[in-house]
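For reference, the structure is listed below as structure tokens.
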Amino acid sequence: MPKSFSKYFKRILFTAVLTAILFSCSRENGRQANVEELLSQMSLDEKIGQMCQLHGENASHDTAFLHLVRQGWIGSVLNETDPNQINALQKTAIEESRLGIPILFGRDVIHGFKTIFPVNLGLAATFNPELVKKCAEVWASEAFNSGIRWTFAPSLDISYDPRWGRIAETYGEDPYLVTQMGLAVNEGFQQKSKDKPLFVATCAKHFAGYGTVEGGRDYNTVAIPEIELHNTYFIPFKALADAGVNTFMTSFTELNGVPASGDKWLLRNILKETWKFDGFVVSDWGSVREQIDHGYVTNEEEAALKAVIAGVDMEMASTTYRDYLKKLVDEKKVSLALIDDAVRRILTLKKNLGLFESPYVSPPVSLPAKEILLLAKQAAIQSMVLLKNDQNVLPFSENIKSLALIGPMANDKYEQLGTWIFDGDTNLSITPLMAFRAHYGTENIRYVKALSTTRDNSEKAFAEAIHATKQSDAAVVIVGEESILTGEAHSRAHLHLPGAQEKLIEAIAKTGKPLVIVIMTSRPLIIDQISIIASALIYAWHPGSMGGEALLDILRGKVSPSGKLPVSFPITEGQIPIYYRHKKTGRPASYKSWTKLEDIPVRSFQTSIGNTNHYLDIGFEPLYPFGYGLSYTKFEYSNIQVSSSLLNMNETLIVSAILHNKGNVDAEEVTQLYIQDVTASYTRPVKELKGLKRIFLKAGESQKIEFRISSRELAFYDARGKELIEEGLFNVWIGTDSQTKLKTVFQLTKSETSYEN
Ligand code: BGC
């Protein structure tokens, strides 16, 4: 943590303690921080009240809401971020409810609070968990200053489907990368230390399988074989449970026939019993009640019964717990022990946050604004992925003195921020136009928005954009999707750039000027044609507040691009789902066996054209693979080695390779390590990411890169979730993306068919 950050956190701590002293005199709730003692004093209604979370924007002016607070019916409030209102509600809870139990205030702090950082998928593209942890520390501080002590992050959904708008909120398609990012976000918010209360509590969501909604349509059915849950979808959730994430949020969806918010197997058997998760589970918004819509229960009473038995400790937004739990306990359908267990978990978190001692919002402390913006810029820089760079058109040479800056995303302070930015301050945004004008001089930047939004179909302003391009040395066309086109409930079936943006690009390309296309969005789009037309292509995601400056630094070569794709990019929608970590199959695809659709001789014999695992029309590879991303320099890998060709159980092996910066530009590279379990008692993926390192090398330098692999990292699960580790041959690759060819092998020896966790 930079010095000024830690100084700043100390100040927060100091003011928090001061506030605690000031307010603790108002009521002696501080003494009630003993959870068991408090529990023993609570009525059933008061216990159930702790299990209820309500939307509370402006609630301190709402008499009915205040009445509920006084009666102890509200354990948590979400979506109130005005410190004055938070304090007013808290004061009512502390001073006017019988036991004075503080309210826990929650909010979706997803990729920033006031200062917005790249959207999650972009953050994943940094392949830099250390950086993401620092980012999360900032989001936590800004949110903490507003009184938020619980974030609904990290999102640990894994998705292979860019039609699903919420792919934006994921850290991509790979369980290892999602896990690393999730752990980083968790640590950044919690800021665990011995002598300090938990800073901002975290929430692993959405448990489980939400990223695989059928057809990419939000809220749709989810069906995942149990073996795949254990080997893929559960991996980040289990890792976060082990790392002490504070809460879990259920998914809106069903999982294999049971709505997640009523799934006892998922929440109680797996999460609370097998994984021994001791935090609490919150439902997603209204999802306890939505079990009725799923056709799983007939009414709200049954919905409450299913959810509480399943293990949902707190109900978000709907009120079936408030309305029916008491009746269910009275009728002995729900045991008091089960209620106590839920309340104990909730009160323990409040205690760990120090809420009993310090329930009020600390007086705001001044934030190290400049450093926060620099961090947001660094994250944006590392997130941007250079997909194409023909004839090294980038970085712009000194000969490029004037630019045409075209497109609906080139100067929009709001739209560059992405989804879940409720509290984002658009005044902080620096757009590409602002940054480019500041650097090149206003007179050298010819800006034409050309389309009023990304969805605009009018070609009226194209002539002006073409004219501006002809007058300039090069064109930078910034297109994409507005924030509202990704995120929750924003699924799309067609994944081309919306509106007339492709036509705009074609029109500009015809001028023959160097054409740099920058795409701002939060999902992979279908860009096969654009990638042909572009001289250079940058995927900038929704880059956040500092997107403009980050892009400028990359285009003019102040820094070399280093982002890598956290998801595979399909050539066309028909290829979805496409992901690198797929299983091996019989008849695997290869270029040898693929006869292209147009090349098939008329009336060919049925099996004469190669029966393998491909599409006749587009083959079997993505447009861009997972892990892909170019640099301004040329990195070369060589000399892969293992420290031993045998790896014994419970031992560690070192895999190394030489990375050489062969070009003449200093740059960072994300080195990736993949393994393949060649044969196992259950089929395993063709490749799995098991390590990553961000390495800075000056032009001409070489470095030996080492990864450690323990036998434990080679484990997998059987169809019932039993962990297995099996001897046998493993392939291992080190390289620049998931298609790297630099490979060696080792053997895992002395099989123990299974061992305990
Ligand atoms: C989303 C969650 C979010 C919750 C609270 C729901 O619509 O699915 O991810 O945390 O709302 O805002």
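Ordering Leu198, Trp164, Gly211 by the projection of their Cα atoms onto the charge dipole of segment 162-284, which places +1 on the Cβ of Lys and Arg and -1 on the Cβ of Asp and Glu, puts Leu198 at the extreme positive end. Protection proxy ranking of 219-226, 596-603, by the mean of other Cβ atoms within 10 Å over each peptide's residues and highest first, is 219-226, 596-603. Annotation: the antiparallel percentage among DSSP beta bridges lying fully within the chain is about 55.
Set the Förster distance to 30 Å, then compute FRET efficiency between Lys558 and Lys196 from the Cβ-Cβ distance, nearest 0.05. Calculated value: 0.20. The chymotrypsin sites (Phe, Trp or Tyr not before Pro) of segment 244-331 include none that meets both criteria, a DSSP state outside H, G, I, E and B (loop) and at most 10 other C-beta atoms within 10 angstrom of the site's C-beta. The amide H of Ile116, built 1.01 Å from its N in the peptide plane, has Asp425, Ser545 as neighbours under 5 Å, considering only residues 5 or more places off or on other chains. Taking the inverse of the mean 1/r over every pair of distinct Cα atoms in segment 3-352 gives a Kirkwood hydrodynamic radius of 20.4 Å. The protection proxy used here, the mean number of other Cβ atoms lying within 10 Å of each residue, ranks peptides 689-698, 108-117 as follows, highest first: 108-117, 689-698. Residues in the chain average 38 Å² of solvent-accessible surface per residue, probe 1.4 Å, ligands and nucleic acids excluded. Can you return the aspartates and glutamates within cross-link range of Lys687? Criterion is Cα-Cα under 12 Å, with same-chain partners fewer than 8 residues away left out. Within reach: Asp174, Asp677, Asp737. Here Lys510 is the anchor, and the lysines within straight C-alpha reach of less than 22 Å, apart from those fewer than 8 places off in the same chain, are Lys388, Lys401, Lys449, Lys460, Lys470. With a cut-off of 13 Å between beta carbons, the residues surrounding Phe746 carry a summed charge of -1, where Lys and Arg count +1 and Asp and Glu -1.
When every Cα-Cα distance of segment 56-160 is counted in 10 angstrom steps from zero, the calculated P(r) takes the values 15, 39, 24, 16, 6 percent. Taking amide H as placed 1.01 Å from N in the peptide plane, the amide H of Lys634 sits under 5 Å from that of Lys662, Gly663, Asn664, Val665, each at least 5 places away or on another chain.
Across the accessible surface of segment 375-556, with the other protein chains kept in place and a 1.4 Å probe, carbon and sulfur atoms take up 48 percent.
Shown here are the Rg and Dmax of the Cα trace of the chain, at 27.0, 90 Å. Cross-linked pairs Lys134/Lys351; Lys133/Lys693; Lys503/Lys662; Lys133/Lys205: Cα-Cα separations exceed 27 Å for Lys503/Lys662.
By the rule of a C-alpha distance below 19 Å, with chain neighbours fewer than 8 residues away ignored, the lysines paired with Lys326 are Lys47, Lys306. Note on segment 683-746: Kirkwood hydrodynamic radius from all Cα pairs is 14.3 Å, rounded to one decimal. Highest average first, the peptides 734-741, 566-573 ordered by how many other beta carbon atoms sit within 10 Å of their residues are 566-573, 734-741. Projecting the Cα atoms of Asn661, Ser738, His542 onto the charge dipole of the chain, computed from C-beta unit charges around the Cα centre, puts Asn661 farthest toward the positive end.
For segment 635-749, dividing the convex hull volume of the Cα atoms by the residue count gives 90 Å³ per residue.
So what's the net charge close to Asp412: Lys and Arg +1, Asp and Glu -1, counting the other residues with Cβ under 9 Å from its Cβ? After counting each charged neighbour, the total is 0. Here the Karplus curve 6.51 cos²θ - 1.76 cosθ + 1.60, taken at θ = phi - 60°, turns the phi angles of segment 671-677 into couplings of 8, 10, 10, 10, 10, 9, 7 Hz, with x standing for Gly and Pro.
For Ala208, the residues whose amide H sits under 5 Å from its own are Ser251, ignoring neighbours fewer than 5 places away on the same chain, with H placed 1.01 Å from N. Would you work out which of Tyr580, Thr595, Ser562 lies farthest towards the positive end of the dipole of segment 559-603, given +1 charges on the beta-carbon of Lys and Arg and -1 on that of Asp and Glu, about the Cα centre? My answer, from the dipole projection, is Tyr580. Between Ala719 and Asp62, the modelled label-to-label distance comes to 4.9 nm, taking each label 7 Å out from Cα in the direction of the beta carbon. Taking K and R as +1 and D and E as -1, what net charge do the other residues with C-beta under 15 Å from the C-beta of Asp108 add up to? Once positives and negatives cancel, what remains is -3. Rounded to the nearest 500, what is the 222 nm mean residue ellipticity of the chain from helices alone, with -39500 (n - 2.57) per DSSP H run of 4+ residues and division by all residues? Estimated from H runs of four or more residues: -8000 deg cm²/dmol.
The values are calculated or read from the model by the stated rules, or taken from the named source; none is laboratory data. The model shown is predicted, which means the values in this text are computed figures rather than measured ones. In this analysis, Cβ positions are derived from the backbone assuming ideal geometry, glycine residues included, and neighbour counts consider all displayed protein chains. To get the accessible areas, we keep the full protein, side chains included, count just its heavy atoms, and leave off ligands, DNA and RNA. Shrake-Rupley method; radii C 1.70, N 1.55, O 1.52, S 1.80 Å.
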